[in-house]
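K.L.:
What follows is a single structure, and I will ask about it in a moment.
Please treat every number below as a calculation from the coordinates, not as lab data. For clarity, every value in this text was computed on a predicted model and none was experimentally measured. Here the Cβ positions follow ideal geometry from the backbone for every residue, glycine too, while neighbour counts run over all protein chains shown.
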Amino acid sequence: MSDILALAYPWVKALHIISVISWMAALFYLPRLFVHHTEQGGLTGPTHDIFAMMEFKLARVIMRPAMHATWTFGLLLVFTPGIVDWSAVWPWTKAASVIAMTGFHTWLIMRMKAFQRGENTVTGRHYRMMNEVPTVLMIIIVFSVVVKF
């Protein structure tokens, strides 16, 4: 199995990067949709329905598959011999940040479902602030992997 992973390494790494880009794009965009939904869409009516549809499709068609692909290809990279030195700090900071990113993803899904039920209680300002979470986590992940601190 490890021979196959070593041979597939460049392909798995490329697919991992593509998946991460797709996941991050959705994680950046969905909170922005929530800001506009909160401030202009309301919780009922045609504008609400359009925002709810856009949020649902972004979450289900792009964000969820991209997260699953990111995790799948990332774990394949982890199991590729010689790629991760678990005695270093960087794999642990990356792992913690990816888990936190997954938690943020889950929080967004819960917020999307609240919008669909017409029960959003979060302000546009709060969504704007939460939109910084994936940026901070992305910075930690990139520095962890590239600089390997």
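K.L.:
Could you please let me know if Met54 is touching a Leu at 6+ places or on another chain (Cβ under 8 Å), under 20 Å from Thr38 (Cα atoms) and among the aliphatic types (A, V, I, L, M)?
P.N.:
Yes.
K.L.:
Then there's this: For the subset of the stretch 19-53 comprising residues that are outside any helix (DSSP H, G or I) and free of Cβ contacts under 8 Å to residues at least 60 places away in the same chain, which member is surrounded by the most Cβ atoms within 10 Å (Cβ to Cβ)? Explain how you work it out, then say what you get.
P.N.:
First, pick out the residues of the stretch 19-53 that are outside any helix (DSSP H, G or I): 42-45.
Then drop every residue that is not free of Cβ contacts under 8 Å to residues at least 60 places away in the same chain, which leaves 42, 45.
Details: Gly42: 14, Gly45: 9.
Residue satisfying both the conditions and the ranking: Gly42.
K.L.:
On the basis of being closer than 30 Å to Glu39 by Cα, of a type outside the set (D, E, K, R), in a loop (DSSP other than H, G, I, E, B) and more than 19 Å from the chain's Cα centre (by Cα), does Gly118 make the cut?
P.N.:
Considered against the rule, which asks whether it is closer than 30 Å to Glu39 by Cα, of a type outside the set (D, E, K, R), in a loop (DSSP other than H, G, I, E, B) and more than 19 Å from the chain's Cα centre (by Cα), Gly118 comes out as yes.
K.L.:
Among the numbered conditions (1) within 17 Å of Asn120 (Cβ to Cβ); (2) β-branched (Val, Ile, Thr); (3) assigned to a helix (DSSP H, G or I); (4) over 22 Å from the mean Cα position of the chain (by Cα), tell me where Ile4 comes up short.
P.N.:
Only one criterion is unmet by Ile4, namely (1).
K.L.:
Here's something else I'd like to know. Taking Pro81 as meeting all but one of (1) loosely packed, with under 14 Cβ neighbours inside 10 Å; (2) more than 15 Å from the chain's Cα centre (by Cα); (3) assigned to a helix (DSSP H, G or I); (4) in contact (Cβ under 8 Å) with a residue 40 or more places away in the chain, write down the number of the exception.
P.N.:
The single condition Pro81 does not satisfy is (3).
K.L.:
Could you tell me whether the stretch 104-115 includes any residue that is in contact with a helix residue (DSSP H, G or I) (Cβ under 7 Å, 6 or more places away or on another chain) and under 22 Å from Val147 (Cβ atoms)?
P.N.:
no
K.L.:
Of the conditions (1) exposed (fewer than 14 other Cβ atoms within 10 Å of the Cβ); (2) in a helix (DSSP H, G or I), His16 fails just one. Which one is it?
P.N.:
Against the list (1) exposed (fewer than 14 other Cβ atoms within 10 Å of the Cβ); (2) in a helix (DSSP H, G or I), His16 comes up short only on (1).
K.L.:
So if I check each of Leu43, Leu33, which one is closer than 22 Å to Gly118 by Cβ, touching a Leu at 6+ places or on another chain (Cβ under 8 Å) and of a type outside the set (Lys, Arg)?
P.N.:
From the options Leu43, Leu33, the qualifying one is Leu33.
K.L.:
Exactly one condition in (1) surrounded by fewer than 17 Cβ atoms within 10 Å (Cβ to Cβ); (2) part of a helix (DSSP H, G or I); (3) small (Gly, Ala, Ser) is false for Ala88; which is it?
P.N.:
(2)
K.L.:
Among the residues in the stretch 125-132, are any within 17 Å of Ser19 (Cα to Cα) and crowded, with 16+ Cβ neighbours inside 10 Å? Walk me through how you get there before you give the answer.
P.N.:
Here is the first cut: in the stretch 125-132, the residues within 17 Å of Ser19 (Cα to Cα) are none.
For the stretch 125-132, residues within 17 Å of Ser19 (Cα to Cα) and crowded, with 16+ Cβ neighbours inside 10 Å: absent.
K.L.:
Among the residues that make up the stretch 84-101, is at least one of them touching a residue at least 24 places away in the same chain (Cβ under 8 Å), closer than 16 Å to Leu33 by Cα and not hydrophobic (A, V, I, L, M, F, W, C)?
P.N.:
no
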